[in-house]
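The values are calculated or read from the model by the stated rules, or taken from the named source; none is laboratory data. The model shown is predicted, which means the values in this text are computed figures rather than measured ones. Note: ideal-geometry Cβ built from the backbone for every residue, glycine included; neighbour counts use all protein chains shown.
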Amino acid sequence: MAQKHHTAHHGKKHEPDKEWEPKIVGFLCNWCSYAGADLCGVSRFQYPTNIRLVRVMCSTRVSPHLVLDVFEAGADGILIGGCHLNDCHYMTGNFHTEKRVELMKRLLKEAGIDEGRLRLEWVSASEGEKFSKVVTEFTEGIQKLGPSKVRSDDMMKAKVSAADDASQTFRLKALVGKEFNLLSKGNAYGEEVDAEKLTGVIDVATQDEFERALILELARIRPMSVKQLGMVMDVPTDKILRHIVLLRQNSKIAMEHPEGFTPVYKTIAIGGEQ
Ligand code: FES
């Protein structure tokens, strides 16, 4: 397809054609990538006009919640740009970014969004040409993937919303927030932490938190039985039941048991009202 280009901030915009054009959001850190994008414009390297750039002080300011929110709003792709490792203005900021992006990818996978829709790139202030290449390549990749279905598919919408809720749970925030320090400095007793084991722990925690959040999301729309939840979510019923027990203990879900009928579960609205 004919690709529109602009020369960074100085390019002349063409009228949008009737063909689908991907909507891409780029979060760039102030100190390296945004300066790289600026240099790209000044040097007149070209890149597609589909990307909207947002300047953040450090790439680590881009939270999983923000990324999932932007996907929920209908973005087709998200690019995160930061300084090269060891060059972050805030010392270890981008090492934490790497860990956060790994969590985002785990959650995108759970939500059924192709991980290729999210890309992390290190672009320095002197890499204007690299910036142009990265944006062009990424846009072409998104064009191949086609439009995001988040806004047109209700189940996907519920899944992205559940992924967003999961990303904000204390458990995942604490695990991923400490991941880099645990791997680089060891645990509170100064003991080395096994990277593979930690990855396994985060994988399991992510899946559990996502499934619980999805149960709450679906049972908020309409009360459902364990069997129904299992079928809709494609998760074994014994696992659903374990999640339900925990959600009931935490007063997040209530059981309704009409006589002669299978019990159904309904999410308790915040504030305690059902
Ligand atoms: S300031 Fe650029 S990644 Fe932290």
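Points worth noting:
- The residue pairs whose first member lies in the range 166-187 and is at negative phi and assigned to a helix (DSSP H, G or I), whose second member is at pLDDT 90 or above and basic (Lys, Arg), and whose beta carbons are closer than 7 Å, counting only pairs six or more residues apart or on different chains, are Val176/Lys99; Val176/Arg100; Glu179/Lys99; Phe180/Lys99.
- Residue count for the range 202-242 under the criterion of being surrounded by 14 or more Cβ atoms within 10 Å (Cβ to Cβ) and under 30 Å from Leu183 (Cα atoms): the result is 10.
- The set of residues from the range 126-146 being surrounded by fewer than 17 Cβ atoms within 10 Å (Cβ to Cβ) and not in a helix (DSSP H, G or I) comprises Ser126, Gly146.
- Any hit, the range 241-249, residues being assigned to a loop (DSSP other than H, G, I, E, B) and closer than 11 Å to Arg212 by Cα: no
- Flag if Leu28 is aliphatic (A, V, I, L, M), more than 11 Å from the ligand (Cβ to nearest atom) and either surrounded by fewer than 20 Cβ atoms within 10 Å (Cβ to Cβ) or under 25 Å from Gly93 (Cβ atoms) (or both): no
- Qualifying residue in the range 35-43 (condition: more than 25 Å from Lys144 (Cα to Cα), surrounded by fewer than 18 Cβ atoms within 10 Å (Cβ to Cβ), more than 16 Å from the ligand (Cβ to nearest atom) and modelled with pLDDT under 95): yes
- For the range 45-75, the candidate set comprises residues that are more than 12 Å from the chain's Cα centre (by Cα) and among the hydroxyl-bearing types (Ser, Thr, Tyr); within that set, the residue that is surrounded by the fewest Cβ atoms within 10 Å (Cβ to Cβ) is Thr49.
- Answer residue from the range 108-127, given it is in contact with a strand residue (DSSP E or B) (Cβ under 8 Å, 6 or more places away or on another chain) and within 16 Å of the ligand (Cβ to nearest atom) and is farthest from Cys29 (Cα to Cα) among those: Arg119
- Residue among Val226, Val201 that alone is more than 21 Å from His257 (Cα to Cα) and β-branched (Val, Ile, Thr): Val201
- Qualifying residue in the range 95-107 (condition: within 16 Å of the ligand (Cβ to nearest atom), modelled with pLDDT of 95 or more and of a type in the set (Ser, Thr, Tyr)): yes
- Boolean, Phe71 is out of contact with any His (no Cβ under 7 Å at 6 or more places or on another chain), more than 16 Å from the ligand (Cβ to nearest atom), of a type in the set (Phe, Trp, Tyr) and under 14 Å from Arg117 (Cα atoms): yes
- Enumeration of residues in the range 69-83 that are under 22 Å from Lys133 (Cβ atoms) and out of contact with any Ser or Thr (no Cβ under 6 Å at 6 or more places or on another chain): Ala75, Gly77, Ile78, Leu79, Cys83
- Meets criteria (surrounded by fewer than 17 Cβ atoms within 10 Å (Cβ to Cβ), without any contact (Cβ under 8 Å) to a residue 12 or more places away in the chain and assigned to a helix (DSSP H, G or I)) for Glu196: yes
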